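Remarks on the structure that follows.
The values are calculated or read from the model by the stated rules, or taken from the named source; none is laboratory data. It should be emphasised that the depicted structure is a prediction, and the values quoted were computed from it without experimental measurement. Cβ: placed from backbone, ideal geometry, glycine included. Neighbour counts: every protein chain shown. Calculation scope for accessible area: heavy atoms of the full protein, side chains included, ligands and nucleic acids excluded. Shrake-Rupley method; radii C 1.70, N 1.55, O 1.52, S 1.80 Å.
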Amino acid sequence: TSNENPSKRGHFIVIEGLDRSGKTTQCQMLCEDIGGLDKEFKYIKFPDRITPTGQVINAYLQGEAEHSDETMHLLFSANRWEAVQGILRDLKAGHTIVVDRYAFSGAVYSAAKENPHLSLEWCWNPDIGLPQPDLVLFLDISSEDAAKRGGYGEERYEKQDMQVKVRTLFKRLFARLPNLSVKVIDAGLSMEDVADQIWQAYKELDEAGSPSEELQV
Ligand code: DGP
Ligand code: NA
Ligand code: NA
């Protein structure tokens, strides 16, 4: 029960991955399992396409609007920053938060573009200072395995050459963040096997407890 949890605040868990990695399904399954333990949880997905910044992002992803790469990058970052107060409040109240994409997608999807201004460093900078997750689960899948799942969708970025670059950049970014707890999960496995690995990682985190100090990086 929640009384056995040694941490005062909730856990802050991010699930990252390539398009077609099964990320959204796994987030839902994790939330159901956490809810099954009678624990309070919240699911957040970035970009949040509902807010004013999110509506611009949604139109851009669907190819209905064009903006510069730099403008879009900063809007995606702002879309996360506008959620910070709510995240900190919920964690403090003891709710575990499961986040579907975060600053890591933010840096790598922009850095994958053929634009010399958008280095990985430049792209990471606007997200520095966001609350740091207790655990990042990276759902790793090759573009070949993703293609076997019926191929990519219609949105901007859902193309094989882009996905190959994004995968390489995710690995480079995580290697540069030694203080971050990242678990790489083979998302080419069955849905159940992926869910089992995620649940193991959750239980390890829950047993260890999340520190109650300041979350800011
Ligand atoms: P999703 O709704 O999870 O399929 O994500 C939408 C797409 O937007 C996906 O291809 C990944 C991309 N994306 C997510 N966050 C960011 C970001 O912060 N910056 C950029 N450039 N792309 C992002
Ligand atoms: Na997508
Ligand atoms: Na985003």
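So that you can scan it fast, the table gives a plain yes or no per residue for (1) in a helix (DSSP H, G or I); (2) within 16 Å of the chain's Cα centre (by Cα):
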site	(1), (2)
Tyr60	yes, no
Glu64	no, no
Val99	no, yes
Asn125	yes, no
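In the stretch 16-49, which residues are among the aromatic types (Phe, Trp, Tyr) and either away from ligand 2 (no atom under 13 Å from the Cβ) or not in a loop (DSSP other than H, G, I, E, B) (or both)?
Phe41, Tyr43
Within the stretch 138-188, which residues are out of contact with any Leu (no Cβ under 8 Å at 6 or more places or on another chain), among the charged types (D, E, K, R) and not in a loop (DSSP other than H, G, I, E, B)?
Glu144, Asp145, Lys148, Asp161, Lys165, Lys171, Asp186
Lys42 fails exactly one of the following numbered conditions: (1) within 23 Å of Asp193 (Cα to Cα); (2) of a type outside the set (Val, Ile, Thr); (3) within 17 Å of the chain's Cα centre (by Cα); (4) more than 13 Å from ligand 3 (Cβ to nearest atom). What is the number of that condition?
With (1) within 23 Å of Asp193 (Cα to Cα); (2) of a type outside the set (Val, Ile, Thr); (3) within 17 Å of the chain's Cα centre (by Cα); (4) more than 13 Å from ligand 3 (Cβ to nearest atom) applied to Lys42, the lone miss is (1).
Checking Leu91 against (1) within 16 Å of ligand 2 (Cβ to nearest atom); (2) among the hydrophobic types (A, V, I, L, M, F, W, C); (3) crowded, with 19+ Cβ neighbours inside 10 Å, which single condition isn't satisfied?
Evaluating Leu91 over (1) within 16 Å of ligand 2 (Cβ to nearest atom); (2) among the hydrophobic types (A, V, I, L, M, F, W, C); (3) crowded, with 19+ Cβ neighbours inside 10 Å leaves (1) as the failure.
Condition (residue is surrounded by fewer than 20 Cβ atoms within 10 Å (Cβ to Cβ), on the phi < 0 side of the Ramachandran plot and more than 16 Å from ligand 2 (Cβ to nearest atom)) applied to the stretch 151-168: is it met by at least one residue?
yes
What's the total number of residues in the stretch 30-55 that are open to solvent by 50 Å² or more (accessible area, probe 1.4 Å) and either of a type in the set (A, V, I, L, M, F, W, C) or touching a Ser or Thr at 6+ places or on another chain (Cβ under 6 Å) (or both)?
3
Tell me, yes or no, whether the stretch 57-78 has at least one residue that is away from ligand 1 (no atom under 12 Å from the Cβ), at negative phi and touching a residue at least 40 places away in the same chain (Cβ under 8 Å).
The answer is no; no qualifying residue exists.
Does Phe170 fit the bill of being hydrophobic (A, V, I, L, M, F, W, C) and either free of Cβ contacts under 8 Å to residues at least 60 places away in the same chain or within 16 Å of ligand 3 (Cβ to nearest atom) (or both)?
yes
Working only within the stretch 189-199, note down all residues that are in contact with a strand residue (DSSP E or B) (Cβ under 9 Å, 6 or more places away or on another chain) and either open to solvent by 90 Å² or more (accessible area, probe 1.4 Å) or not in a helix (DSSP H, G or I) (or both).
Result: no residue meets the conditions.
List pairs: first in the stretch 104-127 and on the phi > 0 side of the Ramachandran plot and touching a residue at least 40 places away in the same chain (Cβ under 8 Å), second within 10 Å of ligand 3 (Cβ to nearest atom) and among the charged types (D, E, K, R), Cβ under 8 Å, 6+ apart or cross-chain?
Partner pairs satisfying both residue conditions: none exist.
I need the full set of residues from the stretch 123-135 which are buried (at least 16 other Cβ atoms within 10 Å of the Cβ) and within 14 Å of ligand 1 (Cβ to nearest atom), in order please.
Within the stretch 123-135, Cys123, Trp124, Pro126, Asp127, Leu130 meet the criteria.
Take the residues of the stretch 95-113 that are farther than 17 Å from Arg172 by Cα and either more than 11 Å from ligand 3 (Cβ to nearest atom) or among the hydrophobic types (A, V, I, L, M, F, W, C) (or both): which is most open to solvent (accessible area, probe 1.4 Å)?
My answer is His95.
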